[in-house]
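So the structure is just underneath, and the comments pick up after that.
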Amino acid sequence: MDKDELELKELAAEEAGDVALAEIADGADGETPLDKNIKLMSPMRMVLRRFFRSKLSIVGIAMLVFLVLFSWLGPVIYDKWGEIEVDRAGINTIYSVHDVEGEDGGFKQLIVGHDPINILAPSSSEHLLGTDEQGMDVFTRLMYGGRLSLTLSFLAVFLISFIGIVLGGIAGFYGGVVDNVIMRLGDILMCFPTLPLMLILGTVLDANDVDPQLYIYLLMGLVSLWSWTGMARLVRGQILYLREQEYMVAAEAMGYSTMRRIFKHLIPNVLPQILVTMTLSLGSMILYESTLSYLGLGVQTPYASWGTMVEIISRRSDILQNYPLVWVPSGICIVIAVLGFNFIGDGLRDALDPKQRR
């Protein structure tokens, strides 16, 4: 091989090497082969991946999806009866005979008629779970009651969270006098006895003849006005820690407005704790509504909620003992909803934990 041919081969090898190095450095799309084998995962994707790996999270989602479909699509499929429609054909009248003393001193029989609890056969094609004591279809009221209980819980939690985030964010960011005023206001509200106050508010609403459909919404709205203290304390504590971080100092140095620093930089960093607290609060709010209904402060008749369907056992011991299909299904729905929200809350808490590596 002569000298010229050897130089040509060396030049070709150098050019091939340069091309190979260029492909390694830049790649066909600007990535090295090593980079192509490494898939970077965004924080949101990592959270979702950890969340959906939890079996309890999947179970909780399945529970809530079932309740939502049952409450909103159920009445569309099973539309034989309305929420407050009464089945008059099933009402039976029982007559009791009493001996009473007549005017002439003798005794005569007095026949008294009354309508007992109107329970039809659960196997009836007209009423899958029978009817309640007023002749209304239990299965239909169970679906409409789910609509109200779930909607009411979401609205109350969002209202409480909104007030708590705003006031807690302002208190934690400004500190000093503003912090003291907001926190002392929260301390005063926490001292209010909830049950007596609820009784007073319920009596006031009844005295003003509030529409039964709006009654429970107004009552829960008023309750939310003094239930924001827990959320406010959570947000305030987190912001007191975060406001001294380097990125907040840089945001202040760049001249960002106060509201932008609070709601653009601080609140998003507190959002994981807020989401977990809100999710767990949804289950508590359903129990709260059920407790109010059990005490006679919930949804007004003839409208239904899961709580009012259970409340009947406090007035009728015979229903508690002999007619479980009137109140057990609504109790099961409450348990499913609370467990579902708690499972999702636990899954979010684990998925949003920065210490989790898997």
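Quick rundown of the values:
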quantity: Computed lengthening from Ser284 to Val59, 0.36 nm per intervening residue step minus Cα-Cα distance; calculated: 79.1 nm
quantity: Note, ³J(HN,Hα) from phi for region 143-154, Karplus 6.51, -1.76, 1.60, rounded to Hz, x at Gly and Pro; calculated: 6, 5, x, x, 4, 5, 5, 5, 4, 4, 5, 4
quantity: Label-to-label distance, nm, for residues given as Arg315 and Glu246 (7 Å Cα→Cβ offset); calculated: 6.5 nm
quantity: Ordering of 272-281, 164-173, 341-350 by packing [mean C-beta count within 10 Å, highest first]; calculated: 164-173, 341-350, 272-281
quantity: Coordinate range along principal axes, alpha carbons of region 214-358, Å, largest first; calculated: 71, 39, 19
quantity: Spatial extent of region 114-237: Rg and Dmax, with the Cα atoms as the point set, Å; calculated: 21.0, 68
quantity: Rounded to whole Hz, the Karplus (6.51, -1.76, 1.60) HN-Hα couplings of region 234-249, x for glycine and proline; calculated: 5, 5, 4, x, 5, 6, 4, 7, 6, 5, 9, 6, 4, 5, 6, 5
quantity: Pairwise label distance in nanometres, Leu295 with Val328, each label 7 Å out on the Cα-Cβ vector; calculated: 2.9 nm
quantity: Estimated FRET transfer efficiency when R0 is 35 angstrom, pair Leu225-Phe66 (beta carbons, to 0.05); calculated: 0.60
quantity: Sites Val335 and Arg260 - FRET efficiency at Förster radius 45 Å, r taken between beta-carbons, to 0.05; calculated: 0.55
quantity: Per residue convex hull volume, Cα atoms of region 186-250, in Å³; calculated: 109 Å³
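FYI, it's all coordinate maths here, none of it is from the lab. What you see is a predicted model, and the numbers here were worked out from it, not measured in a lab. In this analysis, Cβ positions are derived from the backbone assuming ideal geometry, glycine residues included, and neighbour counts consider all displayed protein chains.
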